[in-house]
Amino acid sequence: MNILVTGGAGFIGSHLCERLISSGHKVVCLDNFNPYYEPGIKKKNISTILRNPNFKLIVGDIRKSFDLDTCLEGNHIDLCIHLAAMAGVRPSLENPELYNDVNIVGTLQVLDACKKYNVKKMIFASSSSVYGNKTGGAFKEKDKLNEPYSPYAETKSIGEFLCQRWHEMHNISVLCLRFFTVYGPRQRPDLAIHKFTKLIFDDKPIPFYGDGSTSRDYTYIDDTIDGVLKAMDYIQKRNCFDIFNLGESQTINLKDMISELESAIGKKAILDWQPKQEGDVDYTCANIDKSRKILGYNPTYSFKEGIRNFIDWYKSTI
Ligand SMILES: NC(=O)c1ccc[n+]([C@@H]2O[C@H](COP(=O)([O-])OP(=O)(O)OC[C@H]3O[C@@H](n4cnc5c(N)ncnc54)[C@H](O)[C@@H]3O)[C@@H](O)[C@H]2O)c1
């Protein structure tokens, strides 16, 4: 297949592009290497595939129709996997306009370009954050969504809504995949596991928010990528709109996450107690029954194993 991956130089995108190429697909990657974090990291992310003849990098912006034309003209794209976004939760509180622009206007541009070039299949990177601040059991796709807890969450809910409208109006099949805190080699440096690891290695205090009881369903990157590939197989054969959770279904609290890091690194963390952060939900946990049943999604990594892999990777970068 010929596949357009937006945001393909990022954390999840670079792993996905590698897997797609090794599975025999041709990839066009559109990424603007924005400075949300060090663009050099993104260049490194795709360094192993940059010269592969089945990989074409286009440095450009999803908000610019000219850049999307460059990706789509003459490349016979069968499927678009739309990952490009402003991805951090907390910075969205400070700059909601930018999040609206990239995550909503940009997504509209991508959907429009799919329509223009007759790309009939799309996978959209959504997020557990669309569920809002919620407790009491694992989140199901059919649950009513709570109030968005951050501008980022709101942009992802609107993104899902736009995908559904495009399916209804223009007959484009779309699967929205709700990712749950993805971690592993190349994880974004702003995310807690990566940030805390660096601070522990550097003997610096780590910010310990609230009472340590906030918990996350951490998903290992290889499991997430397996889920995206399963979603690709599924959408190939159908005209549909649907939503799937891609989580691990094992919730880990902040205290236990730090203990796991300490044991993998072999060093105690210095804790700097801080109040709970605005925009951070208390708890996430994916119910993955639907993804297991319909997509055949089957995550296998334990948190211990995933953290060990992450720390091995981290050590190889310092
Ligand atoms: N990492 C997670 O835990 C997680 C959880 C839920 C959802 N998601 C979603 O998954 C997707 C990928 O996340 P990630 O963690 O890999 O983030 P990332 O920041 O590493 O990757 C996003 C990529 O998109 C690119 N990009 C941003 N704006 C762009 C624009 N206007 N035009 C072109 N490219 C642009 C960035 O340069 C970056 O390379 C995002 O949509 C994010 O919201 C991620």
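The values are calculated or read from the model by the stated rules, or taken from the named source; none is laboratory data. Predicted, not measured: the structure shown is a model, and the values here were computed from it. Quick reminder, even Gly has a Cβ in these numbers, built from the backbone with ideal geometry, and neighbours come from all protein chains shown.
Per-structure values
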| read-out | value |
| --- | --- |
| Strands (runs of 3 or more DSSP E) contained in region 200-259 and holding at least 1 residues touching a His at 6+ places or on another chain (Cβ under 6 Å) | 241-246 |
| Ser14 in contact with a Lys or Arg (Cβ under 8 Å, 6 or more places away or on another chain) and hydroxyl-bearing (Ser, Thr, Tyr) | yes |
| Leu191 vs. criteria of a type outside the set (D, E, K, R), buried (at least 21 other Cβ atoms within 10 Å of the Cβ) and within 16 Å of the ligand (Cβ to nearest atom) | no |
| In region 30-78, residue nearest to Val119 (Cα to Cα) [restricted to those that are within 9 Å of the ligand (Cβ to nearest atom) and in contact with a Lys or Arg (Cβ under 7 Å, 6 or more places away or on another chain)] | Asp31 |
| Odd one out for Ile206 among (1) over 26 Å from Val105 (Cβ atoms); (2) within 14 Å of the chain's Cα centre (by Cα); (3) β-branched (Val, Ile, Thr) | (2) |
| Region 33-48 - residue that is in contact with a Ser or Thr (Cβ under 8 Å, 6 or more places away or on another chain) and either of a type in the set (A, V, I, L, M, F, W, C) or touching a residue at least 40 places away in the same chain (Cβ under 8 Å) (or both) and, of those, surrounded by the fewest Cβ atoms within 10 Å (Cβ to Cβ) | Ile46 |
| Only one of Ile294, Ile311, Ile288 that is surrounded by 18 or more Cβ atoms within 10 Å (Cβ to Cβ) and more than 18 Å from Ile193 (Cβ to Cβ) | Ile288 |
| Any hit, region 71-80, residues being modelled with pLDDT of 95 or more, within 25 Å of Lys230 (Cβ to Cβ) and assigned to a strand (DSSP E or B) | yes |
| Residue list for region 254-294, restricted to those being closer than 30 Å to Ala231 by Cα and among the basic types (Lys, Arg) | Lys290, Arg292, Lys293 |
| Residue list for region 1-26, restricted to those being away from the ligand (no atom under 11 Å from the Cβ), part of a strand (DSSP E or B) and among the aliphatic types (A, V, I, L, M) | Ile3, Leu4 |
| Residue list for region 91-142, filter: within 16 Å of the ligand (Cβ to nearest atom) and among the β-branched types (Val, Ile, Thr) | Val102, Ile104, Val105, Thr107, Val110, Ile123, Val130 |
| Entirely in region 86-175, the helices (runs of 4 or more DSSP H) that have 2 or more residues that are in contact (Cβ under 8 Å) with a residue 24 or more places away in the chain and crowded, with 21+ Cβ neighbours inside 10 Å | 106-116, 151-170 |
